[in-house]
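Peer 1: Submitted below is the structure of interest, expressed as structure tokens.
The values are calculated or read from the model by the stated rules, or taken from the named source; none is laboratory data. In this text, all values refer to a predicted model and were calculated from it rather than measured experimentally. Using ideal geometry, Cβ is built from the backbone for each residue, glycine included, and neighbour counts are taken over all protein chains shown.
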Amino acid sequence: MCRNIRTLHNFEPAADETEIRAAALQYVRKVSGATRPSKVNESAFARAVDEIAHITAHLLDDLVTTAAPRDREVEAARARARAEKRYGAAAA
């Protein structure tokens, strides 16, 4: 469930609102144990996603680093290489 949470700090271009919200949603899903909340819990679930996304955006704005920004394409290629090494080539 949490495999979709990605590192968002120190990328060029910076993480956008969509990526931050997706990470917040995955976090709330993991913590709550529900991919879709019941009707009675819908508002609490949505509020938690909104608040976590808001705080995450502030965190990313406040973090400081001297490292060069990472490139999303390079990081994606590295992740694919790790997955191929771990799981083998995808079946055709």
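Peer 1: Filter the range 47-92 down to the residues that are farther than 18 Å from Ala24 by Cα and in a loop (DSSP other than H, G, I, E, B) and list them by number. So that I can check it myself, show each step before the final result.
Peer 2: To start, the set of residues in the range 47-92 that are farther than 18 Å from Ala24 by Cα comprises 64-92.
Matches in the range 47-92: Val64, Thr65, Thr66, Ala67, Ala68, Pro69, Gly88, Ala89, Ala90, Ala91, Ala92.
Peer 1: (1) surrounded by 13 or more Cβ atoms within 10 Å (Cβ to Cβ); (2) modelled with pLDDT under 90; (3) part of a helix (DSSP H, G or I); (4) of a type outside the set (Phe, Trp, Tyr): which one isn't true of Arg6, the others all being true?
Peer 2: (3)
Peer 1: Please specify each residue of the range 20-46 satisfying the condition of being of a type outside the set (Phe, Trp, Tyr), part of a helix (DSSP H, G or I) and touching a residue at least 24 places away in the same chain (Cβ under 8 Å).
Peer 2: Start the filter on the range 20-46 by keeping residues that are of a type outside the set (Phe, Trp, Tyr), which leaves 20-26, 28-44, 46.
Among the residues that remain, those that are also part of a helix (DSSP H, G or I) are: 20-26, 28-32, 39-44, 46.
Correct list: Ile20, Arg21, Ala23, Ala24, Leu25, Gln26, Val28, Arg29, Lys30.
Peer 1: Test Ala15 against the stated conditions and say whether it is part of a loop (DSSP other than H, G, I, E, B), of a type in the set (A, V, I, L, M, F, W, C), touching a His at 6+ places or on another chain (Cβ under 9 Å) and in contact (Cβ under 8 Å) with a residue 24 or more places away in the chain. Spell out how you get there, then give the answer.
Peer 2: On the way: part of a loop (DSSP other than H, G, I, E, B): yes; of a type in the set (A, V, I, L, M, F, W, C): yes; touching a His at 6+ places or on another chain (Cβ under 9 Å): yes; in contact (Cβ under 8 Å) with a residue 24 or more places away in the chain: yes.
So Ala15 passes the test.
Peer 1: Considering every residue within the range 11-29, establish whether at least one is surrounded by 11 or more Cβ atoms within 10 Å (Cβ to Cβ), at positive phi and touching a strand residue (DSSP E or B) at 6+ places or on another chain (Cβ under 9 Å).
Peer 2: No, every residue in the range 11-29 fails to be surrounded by 11 or more Cβ atoms within 10 Å (Cβ to Cβ), at positive phi and touching a strand residue (DSSP E or B) at 6+ places or on another chain (Cβ under 9 Å).
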